[in-house]
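Read through the structure below, which is laid out as structure tokens, and then see the notes.
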């Protein structure tokens, strides 16, 4: 469906890799015009996100850069930097995740831009903010996972730290940045005032960890050790069946009773340790040993039927190979295929949001580097001769045109 509340809003995308592209992709889903400015070297995620037929678009790059126009400029050249300033002038929102020092050297930092354009919304996504002792340090998702204690949660549970094998910090911070931008756009529409937004990944993800795991240390003095003992139990993981794995959660007293009956452990129904939420909290170690015990007497399909009949939240534990084949995802059309202009037949993942009983448009496929360079330069008022001169000098480039 066409749901475009941000139609007419231009976003200058000075981002790369994952966290920034996630943010601008989301704004594009709501109808904003996203102009991605890419260097001649290209967004690192074009190659870092895996193999592709042409080497131009990894799968990750394809999925995070749908619906964006692309201009390729060598900002080391004065003519290209002048175009970048024109793009700033024409944009309503600027999103950047370059290091602040690099932005300042180019005159594209929040201080410079907002001094010239107080009515614009500028969102800077940083690793560690701009005012603490870590300000300006380089970082990536895995480093943030370690610094925020996320990898340490794995150590508390499994005995050694580990990363979640997806760029979860980038995705979360990018979505939060998009939400903050939407709020700033609403204020701009109401008052005409711009906003300077900063979304530091370290503080953002540290807050997520502490909201759940400060736990007993939320009180002064503490009433117990930090950490949610349920989530940190080594038994808090998918449960093995006769032919695979399932995942389920039982929290309420009614759910627990249904689970014990369904798994032939009715003898524990009157055990005071497990009969109430408070009892299970006090005896969380013993409870999770019971809850996490293998269920190898029956197959995954049999357990799904039994536990669903008992109104217990349960699903099979998918692999990367089986997830696209999930019958629900296939029925709702989350994954489809399309013809990409350079990569051939490629997967397309639609937005998961529904509005007015319809899913949002998938938007156009991710474009080759510089695919819209000539068109955008013309829109900014450059003549055909001036555009060709910039191409001849290497200030402007296009993988699509040459």
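What do you reckon, is residue 100 more than 22 Å from the chain's Cα centre (by Cα), more than 23 Å from residue 8 (Cα to Cα) and assigned by TED's automatic domain parsing to the domain that holds residue 387?
Here the answer is no, as residue 100 does not meet what is asked.
Under the condition of being under 13 Å from residue 265 (Cβ atoms) and assigned to a loop (DSSP other than H, G, I, E, B), the residues counted in segment 295-309 number 1. Looking only at residues of segment 232-252 that are free of Cβ contacts under 8 Å to residues at least 60 places away in the same chain and surrounded by 15 or more Cβ atoms within 10 Å (Cβ to Cβ), we find that the one that is farthest from residue 299 (Cα to Cα) is 235.
Meeting the requirement of 3 or more residues that are not assigned by TED's automatic domain parsing to the domain that holds residue 173, no helices (runs of 4 or more DSSP H) wholly within segment 1-65 can be named. State yes or no: is residue 270 more than 33 Å from the chain's Cα centre (by Cα) and free of Cβ contacts under 8 Å to residues at least 12 places away in the same chain? Yes: the conditions hold for residue 270.
Which one is farthest from residue 74 (Cα to Cα), of the residues in segment 349-371 that are crowded, with 18+ Cβ neighbours inside 10 Å, modelled with pLDDT of 95 or more and touching a helix residue (DSSP H, G or I) at 6+ places or on another chain (Cβ under 9 Å)? If we take residues in segment 349-371 being crowded, with 18+ Cβ neighbours inside 10 Å, modelled with pLDDT of 95 or more and touching a helix residue (DSSP H, G or I) at 6+ places or on another chain (Cβ under 9 Å), then 365 is farthest from residue 74 (Cα to Cα). In the set (1) surrounded by fewer than 20 Cβ atoms within 10 Å (Cβ to Cβ); (2) in a helix (DSSP H, G or I); (3) in contact with a helix residue (DSSP H, G or I) (Cβ under 6 Å, 6 or more places away or on another chain), residue 162 fails one condition alone, (2). Within segment 187-202, the residues that satisfy the criterion of being surrounded by fewer than 18 Cβ atoms within 10 Å (Cβ to Cβ) and not in a strand (DSSP E or B) are 187, 189, 190, 191, 192, 193. Can you say whether residue 84 is assigned to a helix (DSSP H, G or I), touching a strand residue (DSSP E or B) at 6+ places or on another chain (Cβ under 8 Å), modelled with pLDDT of 95 or more and surrounded by 22 or more Cβ atoms within 10 Å (Cβ to Cβ), as far as the supplied structure shows? Against the criterion (assigned to a helix (DSSP H, G or I), touching a strand residue (DSSP E or B) at 6+ places or on another chain (Cβ under 8 Å), modelled with pLDDT of 95 or more and surrounded by 22 or more Cβ atoms within 10 Å (Cβ to Cβ)), residue 84 does not qualify. Within segment 267-281, the set of residues being in a helix (DSSP H, G or I) and surrounded by 14 or more Cβ atoms within 10 Å (Cβ to Cβ) comprises 268, 279, 280.
For the structure I just gave you, tell me whether residue 167 is in contact with a helix residue (DSSP H, G or I) (Cβ under 6 Å, 6 or more places away or on another chain) and either crowded, with 17+ Cβ neighbours inside 10 Å or over 30 Å from residue 124 (Cβ atoms) (or both).
Criteria met by residue 167.
Can you find a residue in segment 307-320 that is surrounded by fewer than 17 Cβ atoms within 10 Å (Cβ to Cβ) and over 30 Å from residue 291 (Cα atoms)? Checked segment 307-320: no residue is surrounded by fewer than 17 Cβ atoms within 10 Å (Cβ to Cβ) and over 30 Å from residue 291 (Cα atoms).
The values are calculated or read from the model by the stated rules, or taken from the named source; none is laboratory data. Just so it is clear, the model here is predicted, and its values are computed rather than measured. Glycine also receives a Cβ, built like all others from the backbone with ideal geometry; neighbour counts cover every protein chain displayed.
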